[in-house]
Amino acid sequence: MTHPDHEPARRPRGPLLIGAIFVLLTGIFIGALSATVLLRMSIGSAGDLKAQEAIRLQALLDDPAGLAPDEVSAERTTAAFAHAFIVSAASLDATASLEARARMVEIARWMVATGALSAREDAVSRWAMIAARCLDTHSDAPKDAANCVRDEMPLDVPIPDRTGD
(Lines give C-alpha, C1' and ligand atoms only; values in the text may rest on other atoms or scores of the structure.)
Protein backbone atom coordinates (compact mmCIF):
# COMPACT_ATOMS: atom_id res chain seq x y z
CA MET A 1 0.00 0.00 0.00
CA THR A 2 1.25 3.51 -0.78
CA HIS A 3 0.90 6.50 1.39
CA PRO A 4 -0.89 9.50 -0.08
CA ASP A 5 1.81 11.74 1.29
CA HIS A 6 4.41 9.97 -0.75
CA GLU A 7 4.68 11.39 -4.31
CA PRO A 8 6.68 9.62 -6.98
CA ALA A 9 10.08 11.17 -7.73
CA ARG A 10 10.00 13.72 -10.54
CA ARG A 11 12.25 13.37 -13.49
CA PRO A 12 14.72 16.17 -13.99
CA ARG A 13 13.65 18.62 -16.73
CA GLY A 14 17.16 19.71 -17.63
CA PRO A 15 17.72 17.26 -20.52
CA LEU A 16 14.28 18.07 -21.99
CA LEU A 17 15.01 21.80 -21.80
CA ILE A 18 18.44 21.34 -23.38
CA GLY A 19 16.90 19.24 -26.18
CA ALA A 20 14.20 21.86 -26.85
CA ILE A 21 16.80 24.63 -27.03
CA PHE A 22 18.94 22.52 -29.36
CA VAL A 23 15.96 21.91 -31.67
CA LEU A 24 15.05 25.63 -31.60
CA LEU A 25 18.60 26.73 -32.43
CA THR A 26 18.84 24.11 -35.20
CA GLY A 27 15.59 25.42 -36.68
CA ILE A 28 16.82 29.00 -36.54
CA PHE A 29 20.09 27.98 -38.22
CA ILE A 30 18.30 26.08 -41.00
CA GLY A 31 15.85 28.95 -41.47
CA ALA A 32 18.66 31.52 -41.71
CA LEU A 33 20.59 29.32 -44.12
CA SER A 34 17.50 28.80 -46.28
CA ALA A 35 16.71 32.52 -46.29
CA THR A 36 20.31 33.30 -47.28
CA VAL A 37 20.22 30.79 -50.13
CA LEU A 38 16.84 32.02 -51.39
CA LEU A 39 17.94 35.64 -51.19
CA ARG A 40 21.16 34.87 -53.04
CA MET A 41 19.25 32.97 -55.70
CA SER A 42 16.83 35.86 -56.25
CA ILE A 43 19.65 38.40 -56.42
CA GLY A 44 21.57 36.03 -58.68
CA SER A 45 18.52 35.67 -60.90
CA ALA A 46 18.24 39.44 -61.16
CA GLY A 47 21.93 39.57 -62.02
CA ASP A 48 21.47 36.90 -64.66
CA LEU A 49 18.57 38.82 -66.19
CA LYS A 50 20.62 42.02 -66.29
CA ALA A 51 23.56 40.17 -67.85
CA GLN A 52 21.31 38.70 -70.54
CA GLU A 53 19.82 42.14 -71.14
CA ALA A 54 23.29 43.69 -71.48
CA ILE A 55 24.32 40.96 -73.93
CA ARG A 56 21.21 41.57 -76.05
CA LEU A 57 21.67 45.33 -75.94
CA GLN A 58 25.31 45.03 -76.98
CA ALA A 59 24.15 43.11 -80.04
CA LEU A 60 22.14 46.20 -81.02
CA LEU A 61 25.31 48.31 -80.96
CA ASP A 62 27.69 45.74 -82.43
CA ASP A 63 29.59 46.62 -85.56
CA PRO A 64 33.00 45.36 -86.75
CA ALA A 65 34.35 48.91 -86.48
CA GLY A 66 32.92 49.55 -82.98
CA LEU A 67 29.53 51.15 -82.48
CA ALA A 68 27.00 50.69 -85.25
CA PRO A 69 25.86 53.83 -87.10
CA ASP A 70 22.82 55.58 -85.61
CA GLU A 71 20.40 54.43 -88.30
CA VAL A 72 21.48 50.78 -87.85
CA SER A 73 21.23 51.02 -84.07
CA ALA A 74 17.82 52.67 -84.32
CA GLU A 75 16.58 49.93 -86.68
CA ARG A 76 17.89 47.14 -84.44
CA THR A 77 16.44 48.79 -81.34
CA THR A 78 13.03 49.27 -82.96
CA ALA A 79 12.93 45.65 -84.11
CA ALA A 80 14.01 44.41 -80.65
CA PHE A 81 11.36 46.61 -79.00
CA ALA A 82 8.64 45.31 -81.32
CA HIS A 83 9.61 41.71 -80.61
CA ALA A 84 9.81 42.23 -76.83
CA PHE A 85 6.48 44.08 -76.83
CA ILE A 86 4.73 41.25 -78.66
CA VAL A 87 6.14 38.58 -76.36
CA SER A 88 5.22 40.51 -73.22
CA ALA A 89 1.77 41.42 -74.57
CA ALA A 90 1.07 37.80 -75.49
CA SER A 91 1.93 36.77 -71.93
CA LEU A 92 0.32 39.74 -70.17
CA ASP A 93 -1.95 37.44 -68.17
CA ALA A 94 1.13 35.70 -66.73
CA THR A 95 2.78 38.98 -65.68
CA ALA A 96 2.66 39.10 -61.90
CA SER A 97 3.46 42.77 -61.45
CA LEU A 98 0.42 45.03 -61.70
CA GLU A 99 2.78 47.94 -62.34
CA ALA A 100 4.28 46.14 -65.35
CA ARG A 101 0.79 45.39 -66.69
CA ALA A 102 -0.25 49.01 -66.30
CA ARG A 103 2.95 50.20 -67.98
CA MET A 104 2.39 47.79 -70.90
CA VAL A 105 -1.12 49.22 -71.37
CA GLU A 106 0.33 52.76 -71.27
CA ILE A 107 2.87 51.80 -73.94
CA ALA A 108 0.10 50.22 -76.02
CA ARG A 109 -2.01 53.38 -75.78
CA TRP A 110 1.02 55.46 -76.78
CA MET A 111 1.62 53.18 -79.77
CA VAL A 112 -2.02 53.40 -80.87
CA ALA A 113 -2.18 57.18 -80.38
CA THR A 114 1.06 57.90 -82.23
CA GLY A 115 1.01 55.03 -84.74
CA ALA A 116 4.58 54.42 -83.57
CA LEU A 117 5.31 51.36 -85.75
CA SER A 118 2.55 51.78 -88.34
CA ALA A 119 4.84 53.10 -91.07
CA ARG A 120 7.03 50.02 -90.93
CA GLU A 121 6.19 47.19 -93.30
CA ASP A 122 7.77 44.21 -91.54
CA ALA A 123 5.51 41.58 -89.99
CA VAL A 124 6.88 42.06 -86.47
CA SER A 125 6.05 45.77 -86.47
CA ARG A 126 2.56 45.08 -87.81
CA TRP A 127 2.02 42.43 -85.15
CA ALA A 128 3.31 44.86 -82.48
CA MET A 129 0.68 47.38 -83.58
CA ILE A 130 -1.98 44.64 -83.48
CA ALA A 131 -0.79 43.75 -79.97
CA ALA A 132 -1.01 47.41 -78.95
CA ARG A 133 -4.61 47.61 -80.16
CA CYS A 134 -5.43 44.37 -78.30
CA LEU A 135 -3.98 45.73 -75.06
CA ASP A 136 -5.74 49.05 -75.54
CA THR A 137 -9.08 47.34 -76.24
CA HIS A 138 -8.81 44.79 -73.41
CA SER A 139 -6.94 46.93 -70.87
CA ASP A 140 -9.01 45.61 -67.96
CA ALA A 141 -8.83 41.94 -68.98
CA PRO A 142 -5.20 40.73 -69.28
CA LYS A 143 -6.19 37.19 -70.34
CA ASP A 144 -8.41 38.51 -73.14
CA ALA A 145 -5.66 40.89 -74.24
CA ALA A 146 -3.06 38.10 -74.31
CA ASN A 147 -5.41 35.79 -76.24
CA CYS A 148 -6.16 38.58 -78.71
CA VAL A 149 -2.43 39.12 -79.34
CA ARG A 150 -1.89 35.40 -79.97
CA ASP A 151 -5.01 35.00 -82.10
CA GLU A 152 -4.34 38.02 -84.32
CA MET A 153 -0.84 37.01 -85.43
CA PRO A 154 -0.29 38.00 -89.07
CA LEU A 155 0.03 35.05 -91.44
CA ASP A 156 3.46 36.13 -92.67
CA VAL A 157 5.13 35.95 -89.23
CA PRO A 158 7.59 33.06 -89.31
CA ILE A 159 6.74 30.29 -86.86
CA PRO A 160 9.71 28.84 -84.95
CA ASP A 161 10.61 25.25 -85.92
CA ARG A 162 9.85 23.89 -82.45
CA THR A 163 6.19 24.98 -82.67
CA GLY A 164 5.57 24.56 -86.38
CA ASP A 165 4.44 21.40 -88.14
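Rounded to the nearest 500 deg cm²/dmol, what is the calculated helix-only ellipticity per residue at 222 nm for the chain, with -39500 (n - 2.57) per DSSP H run of length n ≥ 4?
Result for the chain, helices only: -23500 deg cm²/dmol.
Can you work out the base-10 log of I(q)/I(0) for the chain at q = 0.11, 0.13, 0.14, 0.18 1/Å, using the Debye formula on its C-alpha atoms alone?
Results for the chain at q = 0.11, 0.13, 0.14, 0.18 Å⁻¹ read -0.66, -0.82, -0.90, -1.19.
What is the extension gain from Arg10 to Ala84, computed as 0.36 nm multiplied by their sequence separation minus the C-alpha to C-alpha distance, in nm to one decimal?
Once the chain is fully extended between Arg10 and Ala84, it gains 19.4 nm.
Report, to the nearest whole %, how much of the accessible area of region 70-152 belongs to carbon and sulfur atoms, 1.4 Å probe, protein only.
In region 70-152, the share of accessible area belonging to carbon and sulfur is 56 percent.
If packing is taken as the average number of other Cβ atoms within 10 Å across a peptide's residues, how do 125-135, 54-64 rank, most packed first?
Going by the mean number of other Cβ atoms within 10 Å, highest first, we get 125-135, 54-64.
What residues from region 75-107 fall in the zone where the backbone N is under 15 Å from a label point 7 Å along the Cα-to-C-beta line of Asn147?
Once the point is set 7 Å along Cα→Cβ of Asn147, 90-94 turn out to lie under 15 Å by backbone N, inside region 75-107.
By how many nm would the segment from Ile21 to Ala35 lengthen if fully extended, with 0.36 nm per residue of separation less the alpha-carbon distance?
Roughly 3.0 nm would be gained on extension.
When ligands, DNA and RNA are left out and all protein chains stay put, how many square angstrom of accessible area per residue does the chain have with a 1.4 Å probe?
76
The values are calculated or read from the model by the stated rules, or taken from the named source; none is laboratory data. Note that this is a predicted model, so its numbers are computed, not measured. As a convention, Cβ positions derive from the backbone with ideal geometry for all residues, glycine included, and neighbour counts pool all protein chains shown. Quick note on the areas: whole protein, heavy atoms, side chains included, nothing else; ligands and nucleic acids left out. Shrake-Rupley method; radii C 1.70, N 1.55, O 1.52, S 1.80 Å.
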